[in-house]
Amino acid sequence: MLNDKKILFSGMQATGSLTLGNYLGALKNWLALNDDYECFYCVVDLHSITIRQDPSELRKRARDLLTLYIAAGLDPVKNCIYFQSHVPGHAELSWILNCFTYMGELNRMTQFKDKAQKHADNINAGLFTYPVLMASDILLYQADIVPVGVDQKQHLEITRTIAQRFNAIYGDVFTVPEGYFGKNSAKIMSLQDPSKKMSKSDENPNASIYLLDDEATIRRKFKRAVTDSVAKIAYDDAQPGVKNLLDIYCASTGKDIKDALGEFEGQGYGVLKDAVSDAVCALIIPLQERFNELKKDKEYIDSVIKENAQRAYYASEKTLRKVKKKVGFPEKIK
Ligand code: TYM
């Protein structure tokens, strides 16, 4: 991977089942960008233990997520696809950057406030410093671009703040990354309450399309999606359910809103829902087939895990060596 391409970093948590929001908000953009960048796609398992996990379940989900990245079309030779816990630099840099992040900044993170409320019996220090670990993920690889959903915007902003602060003290150590947010897909909403983000942790299974839902389930969930009584297909904040369906349709097909509105002019919501189901199934069902095939090839997945961890380690050490020197740690004697 020695070339002069700019660097892309992104990751996902292996908790819960991936949703269409994860796919359209992140993975689909990863696929669109991966020819133009040198890419690191991480399964961020260190982040997952900020919430209590069942160990065997976490292990299985992490491996499935890595397999899903490949099934989605990311080539593990061209891209570095790996587990965060296999590269010690993430945790090391996170410690160092903890010392360059203020409590007040972390206190303002809305995701911390939400998660602390949801898990009031386990408000651990890791949950609080989660954004510093995320900043470390990104800065460790000198990423130029970070494709994510809009819910990660605040975390990206703090990453930039930390990088700029560190650079102001020690010179240009870190690349200051930019976020990349997809058109029509940066925030896919719940199918049952379109004022809320579609989320893995939603208690109502009808609120989310899961990437491993079968075709009949996907169609049923879209049929039941909440719309309104306006009975007109328009892209309007006053019709958030219909707006969300149009966003899903456009993000899935690559069409723009204007064309979609032309296509559905004078039609009822049933027609829109069927078209959205068709578009989503055309994306997801082939992905599921590749996923089920790949899962059987244990040896291949093992080799990806081994080789890519080494590649990520090598890239991470380059930054880490520089950072350690800058902050004044004694050099290792060889
Ligand atoms: P996570 O695992 O919650 O979500 C993975 C990605 O999916 C996006 N996403 C959505 N996009 C649009 N609409 C939705 N409804 C929706 N739900 C989720 C998220 O924005 C994200 O891009 N903290 C991160 C993981 C992380 C990371 C990183 C990401 C850790 N280190 C470094 C980028 C770079 C998270 O929990 O994402």
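The values are calculated or read from the model by the stated rules, or taken from the named source; none is laboratory data. The model shown is predicted, which means the values in this text are computed figures rather than measured ones. Cβ sites come from the backbone with ideal geometry, for glycine too, and all protein chains shown count toward neighbours. Side chains are part of the model used for accessible areas, which takes the heavy atoms of the whole protein and leaves out ligands, DNA and RNA. Shrake-Rupley method; radii C 1.70, N 1.55, O 1.52, S 1.80 Å.
Among the numbered criteria (1) over 23 Å from the mean Cα position of the chain (by Cα); (2) within 21 Å of Met189 (Cα to Cα); (3) of a type in the set (Ser, Thr, Tyr), which single criterion is violated by Thr253? So the condition that Thr253 fails would be (1). For the range 20-56, the set of residues classified as within 10 Å of the ligand (Cβ to nearest atom), in a helix (DSSP H, G or I), open to solvent by less than 30 Å² (accessible area, probe 1.4 Å) and within 26 Å of Cys281 (Cα to Cα) consists of Leu20, Gly21, Tyr23, Leu24, Gly25, Ala26, Leu27, Asn29, Trp30, listed by residue number.
Scanning the range 261-283 for residues that are open to solvent by less than 50 Å² (accessible area, probe 1.4 Å) and not in a helix (DSSP H, G or I) returns Phe264, Gly268. Of all residues being near the ligand (Cβ under 9 Å from one of its atoms) and within 17 Å of Arg61 (Cα to Cα) in the range 1-19, which is surrounded by the fewest Cβ atoms within 10 Å (Cβ to Cβ)? Just the residue, please. The extreme case among them is Gly16. Val77 meets each of the listed conditions (1) part of a helix (DSSP H, G or I); (2) surrounded by fewer than 22 Cβ atoms within 10 Å (Cβ to Cβ) apart from (1). Among the residues of the range 284-304, is any part of a helix (DSSP H, G or I) and under 23 Å from Lys196 (Cα atoms)? Yes, the range 284-304 has at least one match.
Each row is one residue, and each column tells you yes or no for (1) within 11 Å of the ligand (Cβ to nearest atom); (2) polar (S, T, N, Q); (3) under 28 Å from Tyr102 (Cα atoms).
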{"position": "Asp172", "(1), (2), (3)": "no, no, yes"}
{"position": "Gly179", "(1), (2), (3)": "yes, no, yes"}
{"position": "Ser185", "(1), (2), (3)": "yes, yes, no"}
{"position": "Ser201", "(1), (2), (3)": "yes, yes, no"}
{"position": "Ala207", "(1), (2), (3)": "yes, no, no"}
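Among the residues of the range 231-249, those identified as surrounded by 13 or more Cβ atoms within 10 Å (Cβ to Cβ) and free of Cβ contacts under 8 Å to residues at least 24 places away in the same chain are Lys232, Asp236, Gln239.
Inspect the range 53-61 for any residue being farther than 24 Å from Arg290 by Cβ, over 17 Å from the mean Cα position of the chain (by Cα) and in contact (Cβ under 8 Å) with a residue 24 or more places away in the chain and give the result as yes or no. Full working, then the answer.
Here is the first cut: in the range 53-61, the ones farther than 24 Å from Arg290 by Cβ are 53-56.
Still in the running and over 17 Å from the mean Cα position of the chain (by Cα): 53-56.
Narrowing the set further to residues that are in contact (Cβ under 8 Å) with a residue 24 or more places away in the chain leaves 53.
Taking every residue of the range 53-61 in turn, at least one turns out to be farther than 24 Å from Arg290 by Cβ, over 17 Å from the mean Cα position of the chain (by Cα) and in contact (Cβ under 8 Å) with a residue 24 or more places away in the chain.
For Gln142, the conditions (1) outside any helix (DSSP H, G or I); (2) modelled with pLDDT of 95 or more; (3) more than 22 Å from Phe83 (Cβ to Cβ); (4) within 14 Å of the ligand (Cβ to nearest atom) are fulfilled apart from (3). The sole residue among Gln152, Gln111, Gln164, Gln117 that is part of a helix (DSSP H, G or I), farther than 20 Å from Arg311 by Cβ, open to solvent by 10 Å² or more (accessible area, probe 1.4 Å) and in contact with a His (Cβ under 8 Å, 6 or more places away or on another chain) is Gln111. So, Val148, is that one of a type in the set (A, V, I, L, M, F, W, C), farther than 22 Å from Ile96 by Cβ and within 13 Å of the ligand (Cβ to nearest atom) or not? When the stated conditions are applied, Val148 passes them. Cβ contacts < 6 Å: first residue charged (D, E, K, R), restricted to the range 294-316; second residue modelled with pLDDT of 95 or more and open to solvent by less than 100 Å² (accessible area, probe 1.4 Å), any location; separation 6+ or different chain. Result? Pairs found: Lys295/Thr67; Arg311/Cys80.
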